[in-house]
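Before I ask anything, here is the structure I am working with.
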Amino acid sequence: MKDIVLFLLLVSSLMAANSVKDKQDLVRIELEQEDLRKEKVAEYVADLEELENKIINIKSVWMNSYASYLTSLDVRESLEKIKKRITYLQKKRKKSLTQKDELNALISREKILTSQIEKLKKKDSSPFSNLLTPPNIDEIPAITNPFDIFTGISLIKTLNKGYSDYILKKEELDSLISLLRAEGRIYKEIEAVDTKKEYNLQAQKKIKQLERFESALDTMSVTVDVYQKRLDIIKININKAVNTQIMKMAKIGVIILIVFIIFFLLKMIVKKYITDHERFYMANKIITFSNFILIILILFFNYIENVSYLVTILGFASAGIAIAMKDWFMSILGWLVIVIGGSIHVGDRIRVDMDGMKYVGDVMDISLLRMTILEDITLTSIRENRRAGRIMFIPNNYVFTRMIANYTHSSLKTVWDGIKITITFDSNHKKAMHLAKEITKKFSKGYTDITRKQLNKLRNQYSLKNTNVEPRIYSFIESNGIDIEAWYLTNAYATLTLRSVISIEIVDAFMAEDDITIAYPTQMLHMEESAKRKPPFATNEEVV
């Protein structure tokens, strides 16, 4: 009995050991399969990454358009959630501080997202609407004259280029779809070994993306066929019209050649039978003029149905004349600006900056092409030109290209003039400024009153801010003393006279004061007696 029991125990222990071993083998097999699955998934993921890098390197406008479309969808989805949350918070009567802050933040974010949506695609728009639309074909112009031939040829080149670009987009889409299909196949292989379904969401997105692109390709294929047929019809019509115009030009050329030959023979006959030089000259002129008129009439009657052709010829002729006589036309335009604008009148005193020189004079005449001015003795002629009395001819086009200053514009006949005098640092500068002000007031009072009245009249035409007409005195510290600047109003035609009078009066007034000294560049020399020195190595010992 004991032996039987021992046998049974032995058998059961052996069976249990075998069962444990089988379980361990199953676990080991499962682990090995899991490792194989992970290796395969890793290989597939590496392939996917390689394909994604290829797609990124293409830098396709299709992918950019699709990414923009997805972004717009995400923004709309976020906006809808925000709107629902805002509605919920607004309906709530009692809100905590946190909820109020949240509501304000959501409203601000709603505005931002709304502006982003406006910058992205419109609602419910196709992700490839712009890319799928073929180049727009403008209205085909009628070719009715030789100049339109170039327009037709240029239009054909433009249409061909647009069609080529559209085909390139289609080829780019083809290559992109092939890469996306390869990704789709890899995702199917991953799905077969991916028991945890980790890549299902990505696979679904890729399937939707591929469907979008394939739908766009189908649409584009149909569009290409229709667009190509339209281009063929347009090219045929343009080429036919071009050939018609070429034949027409050839016929007109033959007719003009015959006319030239006839008039050439007429000139030969006239030369042979008319010996009087004056009569021959007149006859030759009449024949040449008649020849020219007849050719113009031939061209006119051949292209009379197209008035724009004549306008084109006149436009080219006007453009050529305008280029050849640019300065004359600019001077005429300048004359119109001067006369109509009223910026310069005869009798005005003006200054013209020309070629680095300044000329001041009175306008004597304004003709169609130029202004004539008489150069007067002014501060400019004294200090810079050292010449005066010349008659200057100023082209009217200088009003556009040069600096022209009018000293007597409109009713204003006075200008500001200034005198500078330097006093020493130890002078009574306040007294000096007071004396300068009193002197300038005294001698410029009449011009000050006149200017005040003139400025009051000018207020109706111009915006005047600073209308102070009283003399102005300034002082500035310089290296050799204090500069006293006295500015006053004077007659634009006689600035030097008043300047001379005021200058003398100021100098006399300053010289009469003990505490005011007029300064000028000076040098001070200090003399010092040199100290006596003993010669080197000198001693008091006598040399034996």
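Does Arg76 satisfy the criteria of being modelled with pLDDT of 75 or more, surrounded by 11 or more Cβ atoms within 10 Å (Cβ to Cβ) and closer than 30 Å to Leu180 by Cα?
yes
Looking for something surrounded by 10 or more Cβ atoms within 10 Å (Cβ to Cβ), under 30 Å from Thr133 (Cα atoms) and either within 47 Å of the chain's Cα centre (by Cα) or of a type in the set (Gly, Ala, Ser) (or both) - is there at least one such residue anywhere in the range 241-264?
Checked against the condition, which is being surrounded by 10 or more Cβ atoms within 10 Å (Cβ to Cβ), under 30 Å from Thr133 (Cα atoms) and either within 47 Å of the chain's Cα centre (by Cα) or of a type in the set (Gly, Ala, Ser) (or both), the range 241-264 yields at least one hit.
On to the next question. Looking only at the range 49-98, count how many residues are of a type in the set (Ser, Thr, Tyr) and closer than 27 Å to Tyr166 by Cα. Give the steps one after another, and end with the answer.
First pass over the range 49-98, keeping only residues of a type in the set (Ser, Thr, Tyr): 60, 65-66, 68-69, 71-72, 78, 87-88, 96, 98.
Right, trim to closer than 27 Å to Tyr166 by Cα and you get 60, 65-66, 68-69, 71-72.
Selection size over the range 49-98: 7.
Quick check: anything in the range 428-447 more than 30 Å from Val363 (Cβ to Cβ) and in contact with a Gly (Cβ under 9 Å, 6 or more places away or on another chain)?
Applying the first criterion (more than 30 Å from Val363 (Cβ to Cβ)) to the range 428-447 yields 428-439, 441-442.
Narrowing further to those that are in contact with a Gly (Cβ under 9 Å, 6 or more places away or on another chain): none.
No, that holds for no residue.
Out of the range 384-440, which residues are free of Cβ contacts under 8 Å to residues at least 40 places away in the same chain and farther than 19 Å from Ala512 by Cα?
Filtering the range 384-440 for residues free of Cβ contacts under 8 Å to residues at least 40 places away in the same chain gives 384-391, 393, 401, 430, 434, 438.
The answer is Glu384, Asn385, Arg386, Arg387, Ala388, Gly389, Arg390, Ile391, Phe393, Thr401.
Going through Ser331, Ser367 one at a time, which residue ends up being of a type in the set (Gly, Ala, Ser) and in contact with a strand residue (DSSP E or B) (Cβ under 6 Å, 6 or more places away or on another chain)?
The conditions single out Ser331.
Restricted to the range 406-423, and to residues that are at pLDDT 85 or above and under 41 Å from the mean Cα position of the chain (by Cα), which residue is surrounded by the fewest Cβ atoms within 10 Å (Cβ to Cβ)?
Among those residues, the one meeting the criterion is Trp416.
Under 9 Å between Cβ atoms, at least 6 apart or on separate chains: pull out the pairs that start in the range 132-148 with a residue that is farther than 23 Å from Thr219 by Cβ and end on any residue that is among the small types (Gly, Ala, Ser) and at pLDDT below 75.
These pairs meet every condition: Thr144/Ser308; Asn145/Ser308.
Please pick out the residue among Ser367, Ser427, Ser381, Ser444 that is crowded, with 16+ Cβ neighbours inside 10 Å, under 46 Å from the mean Cα position of the chain (by Cα) and either closer than 30 Å to Ala509 by Cα or outside the structural domain of Ala492 (by TED's automatic domain parsing) (or both). Steps first, please.
On the way: Ser367 fails: crowded, with 16+ Cβ neighbours inside 10 Å; Ser427 fails: under 46 Å from the mean Cα position of the chain (by Cα); Ser444 fails: under 46 Å from the mean Cα position of the chain (by Cα).
Only one candidate qualifies: Ser381.
How do the pairs read when you match residues in the range 319-342 that are within 11 Å of Pro395 (Cβ to Cβ) with residues anywhere that are polar (S, T, N, Q) and at pLDDT 65 or above, using Cβ under 7 Å and keeping only pairs 6 or more apart or on different chains?
So the pair list comes out as Asp327/Asn397; Met330/Asn397; Ser331/Asn396; Ser331/Asn397; Gly334/Asn396; Gly334/Asn397; Trp335/Asn396.
Which of the residues belonging to the range 459-509 are among the aromatic types (Phe, Trp, Tyr) and part of a strand (DSSP E or B)?
Answer for the range 459-509, where residues must be among the aromatic types (Phe, Trp, Tyr) and part of a strand (DSSP E or B): Tyr474, Phe476, Trp487, Tyr488.
Just for the range 199-224: of the residues that are basic (Lys, Arg) and in contact (Cβ under 8 Å) with a residue 12 or more places away in the chain, which one is nearest to Thr133 (Cα to Cα)?
Arg212
Find all pairs meeting these conditions: Cβ atoms under 8 angstrom apart; at least six residues apart or on different chains; first residue within the range 229-242 and at pLDDT below 85; second residue aromatic (Phe, Trp, Tyr).
Leu231/Tyr163
Pull up the range 175-206, narrow it to residues that are loosely packed, with under 13 Cβ neighbours inside 10 Å, of a type outside the set (Gly, Ala, Ser) and farther than 26 Å from Leu73 by Cβ, then point me to the one that is modelled with the highest pLDDT.
If we take residues in the range 175-206 being loosely packed, with under 13 Cβ neighbours inside 10 Å, of a type outside the set (Gly, Ala, Ser) and farther than 26 Å from Leu73 by Cβ, then Arg185 is modelled with the highest pLDDT.
Of the residues that sit in the range 131-160 and are of a type in the set (D, E, K, R) and surrounded by fewer than 19 Cβ atoms within 10 Å (Cβ to Cβ), which one is modelled with the highest pLDDT?
Per the stated criteria, the residue is Lys157.
Those residues that are assigned to a loop (DSSP other than H, G, I, E, B) and either modelled with pLDDT under 85 or under 38 Å from the mean Cα position of the chain (by Cα) (or both), I need them from the range 384-405; list them, please.
Going through the range 384-405, the residues assigned to a loop (DSSP other than H, G, I, E, B) turn out to be 386-390, 396-397, 402-403.
Within the range 384-405, Arg386, Arg387, Ala388, Gly389, Asn396, Asn397, Arg402, Met403 qualify.
The values are calculated or read from the model by the stated rules, or taken from the named source; none is laboratory data. None of these values were measured; they are calculated from a predicted model. A quick note on method: Cβ atoms are made from the backbone with ideal geometry, for glycine too, and the neighbour counts reach across all protein chains shown.
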